[in-house]
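What follows is a single structure, written as structure tokens, with notes after it.
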Amino acid sequence: MTDLMRACLVSEFGGPEVLQFGEAPRPYIANSDTLVRVKAAGVNPIDVKTRSGKGVSRFVDRFPWIPGNEFAGIVEEAPYELAPFQPGDEVFGMLLTPHYQGSFAEYVSVPFMSLAKKPKSMSWAQAGATPLAALTAWAGVVDAARVHTGQRMLIHAGAGGVGHFAVQLAHFYGAYVIATASERNLEFLRELGADEVIDYRNRRFEEAITEPVDVVLDLIGNVAANTGSRSLQVLRDGGLIINVPTGSWPEMHEEVAATNRSLQASTLKLSPEGRILTTIAQLADQGDLRCHLDATLPLEELAQAHELIADGHVRGKIAVEIG
């Protein structure tokens, strides 16, 4: 095995043009790390934000830097003989970048606790585009909202990467799901299990919802049309609004506290946990969760993937194929 690998290399923050490709040292494993040969990786809004100097860019402490937060691939090297994942195993997982070099490369080194067996029902591209978005959806629907039968949940941006997983999880665990999206995605959301769908471009959701909801999963925030603030109008007293960290948090927390309606506010606390990915894989293989791919591109067209995501109208996920 050569000591070099093909990778996306970012030497400065900026537009999609800073996504360059070349050779980089193949990562080595240390402690409980596992070396994985990457077959495919997902592209997410956080990748676009960080590349442009926002997101988690303040944690990038060296250039060139390899971006990418999720992947699927084949184990190349295990940390020890009885490690849970051995050479040849098909896995998928999430990386805490930029602490680790990212997944837009031929190899990644990742703690085995951040891995799970790849769902048999998913293609490499689907599996590679699942971990970060599905774990984020899990953090909102299961961990923060404590989803249960009969719970009324409003999910904004239900057709997006995180949103389409959130709709499926909420439906599977028995919630009554209301989701917002553009008109072209309404039938898609119904297929995923949404009980009510709202075309946010033609109807204000606070007027369309006739009965208060218990939870709002706001994947937009006040960055567009004051979605977060307007969501408080449809929450029951004592209800919960969950925000993404890069949306309108912590401003929404202050706004919630000022309502005097016993409302609660939370933000998504994301962790790359393999045990949750194992459950996600089980849901996928039993037909209760799927990853919809809007586009699958070669690694060298990563800039195009960034442009599609920045445009804001991706249905589901985008993946890049590597191995």
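The values are calculated or read from the model by the stated rules, or taken from the named source; none is laboratory data. Given the structure is predicted, the values throughout are model-derived calculations rather than measurements. Cβ atoms come from the backbone with ideal geometry, glycine included; neighbour counts cover every protein chain shown.
Key figures
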| item | result |
| --- | --- |
| Number of positions in region 284-307 that are of a type outside the set (Asp, Glu), closer than 17 Å to residue 126 by Cβ and not in a strand (DSSP E or B) | 9 |
| Qualifying strands (runs of 3 or more DSSP E) (wholly inside region 104-208; at least 2 residues being over 30 Å from residue 87 (Cβ atoms)) | 152-155, 176-181, 196-199 |
| One residue from 228, 238 being in contact with a helix residue (DSSP H, G or I) (Cβ under 8 Å, 6 or more places away or on another chain) and not β-branched (Val, Ile, Thr) | 228 |
| Region 275-313: number of residues that are of a type in the set (Lys, Arg) and within 23 Å of residue 104 (Cα to Cα) | 1 |
| Only listed residue being in contact with a strand residue (DSSP E or B) (Cβ under 9 Å, 6 or more places away or on another chain) and free of Cβ contacts under 8 Å to residues at least 40 places away in the same chain, chosen from 321, 273, 301 | 301 |
| Unique match (being in contact with a strand residue (DSSP E or B) (Cβ under 9 Å, 6 or more places away or on another chain), buried (at least 24 other Cβ atoms within 10 Å of the Cβ) and not assigned by TED's automatic domain parsing to the domain that holds residue 34) among 110, 91, 162 | 162 |
| Restricting region 61-88 to residues that are small (Gly, Ala, Ser) and within 18 Å of residue 119 (Cα to Cα), the residue that is surrounded by the fewest Cβ atoms within 10 Å (Cβ to Cβ) | 88 |
| Condition broken by residue 29, with the remaining ones in (1) of a type outside the set (S, T, N, Q); (2) over 28 Å from residue 307 (Cα atoms); (3) at pLDDT 95 or above; (4) surrounded by 15 or more Cβ atoms within 10 Å (Cβ to Cβ) satisfied | (3) |
| Any chance residue 257 is free of Cβ contacts under 8 Å to residues at least 24 places away in the same chain and hydrophobic (A, V, I, L, M, F, W, C) | yes |
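Here is a yes/no grid of residues against (1) out of contact with any Leu (no Cβ under 8 Å at 6 or more places or on another chain); (2) free of Cβ contacts under 8 Å to residues at least 60 places away in the same chain; (3) hydrophobic (A, V, I, L, M, F, W, C); (4) within 22 Å of residue 297 (Cβ to Cβ):
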site: 5; (1), (2), (3), (4): yes, no, yes, yes
site: 8; (1), (2), (3), (4): no, no, yes, yes
site: 17; (1), (2), (3), (4): yes, no, no, yes
site: 20; (1), (2), (3), (4): no, yes, no, yes
site: 23; (1), (2), (3), (4): no, yes, no, yes
site: 34; (1), (2), (3), (4): no, no, no, no
site: 42; (1), (2), (3), (4): no, no, no, yes
site: 46; (1), (2), (3), (4): no, no, yes, yes
site: 50; (1), (2), (3), (4): yes, yes, no, yes
